[in-house]
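Structure record follows, encoded as structure tokens.
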Amino acid sequence: MFCFSATTNENQMSVLADLCKFADPSDIKNQILLELYFHTIQFAKSKGMNYAQTSSLFTIIKLVHTMCASTPYNNNEETFTYFKKLLVKHSLQRPPYSIGVFSTSQVQAITDYVLNTYFRHFDMYKYAFTPKVRIDISFHYDGIPETPPPPSEPELPVVPDKDPAEEEVEVEEQALEASEPETEEMKKLREIIQVAMGAELKQLQTRLENLILEQDSKINKQVEALEMSMGMKSGAKSAGSRKEENKRKS
């Protein structure tokens, strides 16, 4: 990121404004976002993160803020759940579902930082970046003239906000489209991975089948033991009844 090459805070803020394509940096909303992004980069530098880790953290903060501003209603829990999902997705090496960008200590540091900064001022971001909801209430009483309706305000065109998850999928699709064609080495690597995954899946299937067989065997043994115990008890009762009958006959 170009912000690392800037020497002063003012230069970094100016570079950030250019990268974010803020039309009016003096706008209050743009200033709030600029400060949020600036301190995010400063935190990444203080933790010794590389370019990939800084870029991932920057994108996570941006997507979380988009989720926050997507509705004027309270979505604090949903936004925090979305943040944790993104963080986990960038901390475990399980391609293609997730990639291990951050270490365990970095995940803990990022969680503490975001909780103490963004989510502590969540209501402030919500108030500054979401549209206001206006409710007009009128009452009508029998025998009293109706209250005249409030003056209507001109309707402004509303641009629907994209869902953060959809925006992330679009970005990944664009990145895949812009990627270079697959080489022979990449094909061989993909074949090796497929063979290894196939072997692991076969081993897992074998283990599951053996486990099912063991469970069936245990259940069958328990059923046989139960049937045997019931047969012995019934036999004992029949023997006792026979002795009583012999005594009566004698």
Requested in this report: About the Cα centre of region 42-94, how large is the charge dipole given +1 on each Lys and Arg Cβ and -1 on each Asp and Glu Cβ? Please answer in debye to the nearest 20.
Outcome: 260 debye
Query - Global geometry of region 5-96, whether rounded, prolate or oblate, following the gyration tensor of its Cα atoms and the 1.5 cut on a/c - result: oblate
Query raised in the report: Given M49, A69, C20, which one lies farthest toward the positive end of the charge dipole of region 12-83, if we put +1 on the Cβ of every Lys and Arg and -1 on the Cβ of every Asp and Glu?
Result: M49
Query raised in the report: When only DSSP loop residues count, what chymotrypsin sites (Phe, Trp or Tyr not before Pro) in region 104-152 have their Cβ near at most 14 other Cβ atoms within 10 Å?
Result: F139, Y141
Query - Under-5 Å amide H pairs with V101, H placed in peptide plane, nonlocal only - result: S91, L92
Report task. Step through the table entries K45/K89; K29/K62; K62/K188; K29/K85, compare each Cα-Cα distance with 25 Å, and write down the pairs that go over it. Result -> K62/K188; K29/K85
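Bear in mind that the values in this text are calculations on the coordinates, not laboratory data. Remember, it's a predicted structure, so these values are computed and weren't measured experimentally. We place every Cβ from the backbone using ideal geometry, glycine too, and count neighbours over all the protein chains shown.
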